[in-house]
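Scroll down for the structure; my scribbles are underneath it.
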Amino acid sequence: MTTGLSAVVREPGGAFRLEEVQLEEPRPDEVLVEIVASGMCHTDLLVRDSRPASLPAVLGHEGAGVVREVGSDIRGVAPGDKVVLSFPSCGDCLRCRTGRSAYCDSIAALKFGCRRPDGSVATTDGAGRPVGDHFFGQSSFGTVAVVNGRSVVPMPEDVDLRIAGPLACGVQTGAGTVLDVLRVPPGSSIAVFGAGSVGLCGIMAARLAGATTIIAVNRRASRLALAAEFGATHLVSPLDVDPVEAIREATGGRGVEFAFETTGVPEVLTQAVRSLDSLGTCAYVGTAAPGELGGIPMLEAMTKGLTVRGVLQGDSTPSRTIPRLWDLHRRGLLPFDRLITHYRLDEINRAAADAERGDVVKPVLLMP
Ligand SMILES: [Zn+2]
Ligand SMILES: [Zn+2]
């Protein structure tokens with residue numbers, strides 16, 4: 001048994017409450033990690049507010065820390081290693097066996113079930129009652145976590161664990177979609193809808209890839225200013241202009257070769273598709289309510305030969321993608337650290353409120 005301090009959500013929409021918890025020893029396929037810092041993502045708040053079946057639970061899925069103990073089946077990582085914690089996967093299904101674990105057959109249950117596949121949890125509260133954990137294989141809003149071994153990504157010794165956690169979700173989703181899914185080539189054009197952490201990392205990656213027309217679309221002037229610093233060549237506020245028209249205008253009437261939709265708003269997906277030049281590709285990474293399709297303009301998409309592609313986690317294979325993105329950051333090519341605002345773990349509710357208001361781009365909690 002290990003004792004830790006974790007932020008527990010007990011009722012839908014309720015506050016994160018710091019509680020002393022007990023964690024079981026890691027099972028053969030698990031790793032006990034001392035968390036140094038954890039990013040906060042909108043998905044954490046979505047689950048806090050709208051997944052009552054998962055509660056009570058410890059959330060958090062952008063953890064970074066130091067390995068304390070490894071299960072008997074774990075290879076390639078040892079106590080003392082610095083690690084980033086990314087999304088989990090089963091390791092057995094066709095997608096996992098062919099290196100496409102972002103689309104693991106069991107991914108939804110492993111991410112959102114807040115328990116192990118056998119239904120058990122590793123965490124109990126002060127009264128000995130079970131608390132949901134293994135959220136995204138990790139539940140990183142706490143000082144220690146028993147983590148699914150396939151979520152654990154060993155990092156080089158020079159990694160800064162205070163900032164590395166967001167590589168696990170927001171950064172790899174944004175940069176990975178542009179670099180590995182859209183494969184934006186030098187001299188190309190791209191429009192990025194939304195300038196949160198995913199959209200802004202997409203813009204950094206588009207500049208890195210050599211795109212020469214990078215159009216940022218967002219309502220907030222402050223976010224557009226950030227987008228410009230990271231490489232956006234055109235800034236579009238949908239409060240002022242019709243973004244589709246503005247994008248056509250910026251591209252000599254043709255539209256962009258690539259669109260990246262990060263807001264999850266169906267009408268914005270429509271705009272993203274409509275902003276494409278013929279044979280263009282739109283990738284989207286956010287979603288509205290389940291079942292909501294978004295209005296894809298069928299005739300236009302067909303006659304212009306457009307591709308619309310849903311993407312999870314930038315198609316990443318975390319053990320390969322995350323160290324590569326860290327290396328780009330280390331060379332000054334992916335300055336995602338500038339999106340981060342640090343909070344202490346006991347400031348977690350303020351971090352969540354600031355993120356929901358859009359006052360901060362990427363909150364990262366520092367553990368005591
Ligand atoms: Zn996330
Ligand atoms: Zn799988």
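Taken together, the values in this text are just the output of simple stated rules run on the coordinates, not laboratory data. Being a predicted model, the structure only gives us computed values, none of them experimental. As a convention, Cβ positions derive from the backbone with ideal geometry for all residues, glycine included, and neighbour counts pool all protein chains shown.
Since only Gly358, Tyr343, Thr287 are under comparison, the one whose Cα sits farthest along the positive direction of the charge dipole of segment 260-360, derived from C-beta charges on Lys, Arg, Asp and Glu, is Tyr343.
Hey, how many Å between the Cα centroid of segment 26-83 and the Cα centroid of segment 261-330? Comparing the Cα centres of segment 26-83 and segment 261-330, I get a distance of 27 Å. The lysines whose alpha-carbon is closer than 23 Å to the alpha-carbon of Lys111, local same-chain residues fewer than 8 away aside, are Lys82, Lys362. Build a GNM of the chain with springs between Cα atoms under 10 Å apart, and of Val58, Val77, Val178 the one that fluctuates most is Val77.
With runs of 4+ DSSP H residues as the only contributors, calculate the mean residue ellipticity of the chain at 222 nm using -39,500 (n - 2.57) per run, divided by the residue total and rounded to the nearest 500.
Values: 12 runs with 98 residues, N = 368.
So the calculated ellipticity at 222 nm is -7000 deg cm²/dmol.
Shape class of segment 168-229 from the Cα gyration tensor (axes a ≥ b ≥ c, square roots of the eigenvalues): oblate, since a/c reaches 1.5 or more and a/b does not exceed b/c.
Can you tell me the length gained on complete extension of the stretch Arg219 to Ala109, counting 0.36 nm per residue apart and subtracting the Cα distance?
36.2 nm
The aspartates and glutamates whose alpha-carbon is closer than 20 Å to the alpha-carbon of Lys304, local same-chain residues fewer than 8 away aside, are Glu245, Glu249, Glu257, Glu261, Glu267, Asp277. For a test of the definition: using alpha carbon positions, the gyration tensor, and the 1.5 limit on a/c, classify segment 214-319 as rounded, prolate or oblate. Note, shape of segment 214-319 comes out rounded. Please work out the C-alpha center-to-center distance from segment 220-249 to segment 158-190 and express it in whole Å. If we compute the Cα centre of each part, the gap is 20 Å.
Can you bin segment 278-368 into rounded, prolate or oblate? Criterion: square roots of the alpha carbon gyration tensor eigenvalues sorted a ≥ b ≥ c, rounded for a/c under 1.5, prolate for a/b above b/c, oblate for the rest. Cα axes put segment 278-368 in the oblate bin.
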